[in-house]
Amino acid sequence: MADKPKDIAQAWLSMFASAVIAGDVEAITKTFLPHGWLRDLLTFTWDIRSLEGQAKIASYLDGTLSQTKLENVRLDDSFPLPPAFFPTPQSPIEGVEAAFVFETPIAFGKGYFRLLKDYNDSWKALTVFMMLSDLKGHEEVDCICETDASPIPWSDIFAKRKAEIESNPHVLIIGGGQSGLQIGARFKQRNIPTLIIERNERLGDSWRKRYPTLTLHTIRKHHELLYEPYPSNWPMFTPRDKLADWIEQYARTQDLVVWTSSNIFPKPTYDPAQKRWNVVVDHDGTPVEIHPAHIILATGALGAPRIPELLDPEKFKGEAFHASRYAGGHLYAGKRVIVVGACNTAIDVCQDLVIRKAASVTMVQRSSTCVVSKSNVARKLAASWHNDRPPDVGDFTFASMPLGLLKKTFQSQQEQMWAEEAELHEKLKKGGLKLNMGPEGEGQLLLVHERLGGYWLDKGAADLIASGEIKIKNGAEPIRHTETGVVFSDGSELPADVVVFATGYHNIRETNRELFGADIIDQTGEATGLNEEGESRGGYRPSGHPGLWYVTGDFAVNRIMSIPLAIQIKALELGLIPSA
């Protein structure tokens with residue numbers, strides 16, 4: 001038996017390719033472990049799927065494999081990571097992982113597989129990831145180089161392109177944050193005329209308007225913007241204002257067409273015969289009518305602030321407001337502050353208040369919280385998003401792991417995850433904080449995808465909790481204001497001059513329903529969270545209404561999932577997908 005990872009990978013891929021090209025579903029399933037996974041982004045259907053187990057994989061391929069006509073399946077010699085052994089959790093046996101490429105009559109694709117030995121000592125697939133990467137004849141270009149053979153000034157070239165897009169965009173992206181801008185950048189490279197609108201006066205203002213101590217909780221390589229790496233001296237964890245300024249310049253350097261101070265008027269209408277939207281945009285006070293084929297909602301997953309309705313709010317003589325309005329702890333020096341909530345925003349606000357000399361700071365924890373150390377998260381992220389490699393390598397290898405399998409893996413590693421945070425958790429328990437490792441034991445990383453919250457990354461606040469500088473109140477809900485404080489459901493009362501509600505936000509669907517109308521939004525599914533296969537319930541796939549798309553997720557998700565989104569948009573334009 002060959003013992004080099006490339007030989008092992010080549011032998012398995014030869015069997016897989018032969019079965020695929022022959023259209024033999026049974027032979028394909030035999031190349032998988034009984035509990036193996038296939039994750040597919042548009043290869044066999046125009047959908048995004050994750051299938052667990054040989055029976056589900058066979059059912060998925062039956063009827064679609066013969067139509068796909070895969071060919072030229074081979075190891076990807078250009079991928080930065082060659083075939084290699086990888087350690088497996090709770091097992092002394094190493095696996096083998098490798099990248100591969102393939103083609104269909106209409107597209108190029110790429111994939112990634114992980115192999116383990118079965119009970120017969122044969123190499124079988126634990127995971128196989130396949131995605132279309134380009135439509136033939138419509139490949140993504142490396143650069144748009146109109147000036148290379150033209151004497152026309154670049155400013156004139158861009159002005160012409162901008163005017164054409166503004167008058168007739170194929171796609172309208174609502175939201176000029178990192179999601180909207182990265183998708184716009186991807187679409188530009190794939191010749192999809194795209195107009196981006198942003199309600200704020202400046203790009204980046206959605207970050208500038210958040211609490212001033214906000215710093216991203218992922219490492220810089222994870223949250224780079226598409227095509228544009230940060231300078232080598234960029235901080236490991238990016239501060240709010242620095243990110244806001246980078247986003248603003250990103251639109252310029254990527255030559256994106258963006259309207260700021262712009263919103264759509266309620267309610268756009270869709271013409272199914274023309275397959276176009278009728279949209280009026282308030283562009284800095286001027287109404288402009290446009291007719292895009294697609295609208296992409298890149299407005300994030302957060303709707304209006306959620307504030308608990310306490311009784312007798314008029315009695316309270318202090319200030320009570322949502323954390324979205326928190327402008328910094330310097331305003332509350334010498335004040336007694338209650339912060340309702342126990343996730344990232346809440347702990348950042350509490351820590352800032354202590355540093356800024358609030359008289360007292362009490363965090364109200366209404367349910368247990370997953371708390372992990374920033375250093376551990378950084379170490380784990382760096383395993384995928386390595387500082388010496390482009391972020392798309394990490395995006396691809398991480399995407400190749402189905403989240404359903406990742407969840408089961410993390411659930412099996414509960415003891416290890418708790419042990420890694422033992423020192424941190426001891427400080428938090430001393431202050432009375434209640435802890436979990438996710439409601440289902442799935443760990444902090446899965447909470448990002450499943451709930452967009454329910455956790456915090458510690459940046460020194462644990463020491464403040466252990467010392468009592470941040471006090472913890474749990475086991476009771478705030479129910480009523482008094483003149484000088486808050487009464488809780490257990491009958492206790494805490495004095496306060498300020499109450500900050502770090503209690504999250506309503507579902508974005510409610511905001512979208514007001515904007516588009518119930519008749520449109522009620523045809524769509526949920527925009528956030530994961531379905532039973534571990535895939536996004538609504539992001540980057542048909543929403544349920546023609547020409548309307550949701551995008552969600554963090555920087556890394558935006559980068560890689562902008563590829564299947566762009567391919568679907570282009571395939572619809574070319575008539576490769578039945579009208580949706």
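For region 314-337, the set of residues classified as part of a strand (DSSP E or B) and of a type outside the set (Phe, Trp, Tyr) consists of GLU319, ALA320, HIS322, ARG336, VAL337, listed by residue number.
Quick check: is even one residue across region 426-446 buried (at least 21 other Cβ atoms within 10 Å of the Cβ), in contact with an Asp or Glu (Cβ under 9 Å, 6 or more places away or on another chain), among the small types (Gly, Ala, Ser) and in contact (Cβ under 8 Å) with a residue 24 or more places away in the chain? Yes, region 426-446 contains a residue that is buried (at least 21 other Cβ atoms within 10 Å of the Cβ), in contact with an Asp or Glu (Cβ under 9 Å, 6 or more places away or on another chain), among the small types (Gly, Ala, Ser) and in contact (Cβ under 8 Å) with a residue 24 or more places away in the chain.
At least 2 residues being modelled with pLDDT of 95 or more, within 22 Å of THR409 (Cα to Cα) and outside the structural domain of PRO390 (by TED's automatic domain parsing) is the threshold, and among the strands (runs of 3 or more DSSP E) wholly inside region 26-106 those reaching it are 32-41, 48-52, 95-103. Yes or no: VAL487 within 30 Å of GLY334 (Cα to Cα), touching a Phe, Trp or Tyr at 6+ places or on another chain (Cβ under 8 Å) and either aliphatic (A, V, I, L, M) or not in a helix (DSSP H, G or I) (or both)? No. Examine region 335-344 for a residue that is surrounded by fewer than 22 Cβ atoms within 10 Å (Cβ to Cβ) and over 24 Å from the mean Cα position of the chain (by Cα), and state whether such a residue exists. Yes.
Applying a threshold of 7 Å to beta carbon distances and a minimum spacing of six or more residues, or different chains, the list of pairs starting in region 114-129 at a residue that is without any contact (Cβ under 8 Å) to a residue 40 or more places away in the chain and ending at one that is part of a strand (DSSP E or B) reads LYS117/TRP123. Every condition in (1) within 26 Å of TYR211 (Cα to Cα); (2) within 24 Å of the chain's Cα centre (by Cα); (3) surrounded by 23 or more Cβ atoms within 10 Å (Cβ to Cβ) holds for GLN568 except the one numbered (1).
Taken as a whole, the condition of being touching a residue at least 24 places away in the same chain (Cβ under 8 Å) and out of contact with any strand residue (DSSP E or B) (no Cβ under 6 Å at 6 or more places or on another chain) applies to PRO542.
Do we have ASN233 as in contact with a strand residue (DSSP E or B) (Cβ under 6 Å, 6 or more places away or on another chain), more than 30 Å from GLY485 (Cα to Cα) and of a type in the set (S, T, N, Q) here? No; evaluated as a whole, the condition is false for this residue. Of all residues in region 256-286, count the ones that are touching a helix residue (DSSP H, G or I) at 6+ places or on another chain (Cβ under 6 Å), outside any strand (DSSP E or B) and within 22 Å of ALA163 (Cα to Cα). Adding up the residues that qualify gives 2. When region 158-172 is filtered for residues that are within 19 Å of TYR270 (Cα to Cα) and either surrounded by fewer than 15 Cβ atoms within 10 Å (Cβ to Cβ) or touching a Gly at 6+ places or on another chain (Cβ under 7 Å) (or both), the ones remaining, listed by number, are SER167, ASN168. Considering only residues of region 205-243 that are of a type in the set (S, T, N, Q) and assigned to a loop (DSSP other than H, G, I, E, B), which is surrounded by the most Cβ atoms within 10 Å (Cβ to Cβ)? Per the stated criteria, the residue is THR238.
Looking only at region 244-259, residues that are surrounded by fewer than 16 Cβ atoms within 10 Å (Cβ to Cβ) and touching an Asp or Glu at 6+ places or on another chain (Cβ under 8 Å) come to 1 in all.
Candidates in region 15-44 are the residues that are surrounded by 15 or more Cβ atoms within 10 Å (Cβ to Cβ) and hydroxyl-bearing (Ser, Thr, Tyr); of these, the one that is nearest to the chain's Cα centre (by Cα) is THR43.
Going by the conditions given, is ILE264 out of contact with any Asp or Glu (no Cβ under 9 Å at 6 or more places or on another chain) and not charged (D, E, K, R)?
On the way: out of contact with any Asp or Glu (no Cβ under 9 Å at 6 or more places or on another chain): no; not charged (D, E, K, R): yes.
No, not satisfied.
Taking the stated definitions as given, is ILE28 under 18 Å from PHE102 (Cβ atoms) and free of Cβ contacts under 8 Å to residues at least 60 places away in the same chain?
Yes; evaluated as a whole, the condition is true for this residue.
The values are calculated or read from the model by the stated rules, or taken from the named source; none is laboratory data. None of the values given here were measured: they were computed from a predicted structure. Quick reminder, even Gly has a Cβ in these numbers, built from the backbone with ideal geometry, and neighbours come from all protein chains shown.
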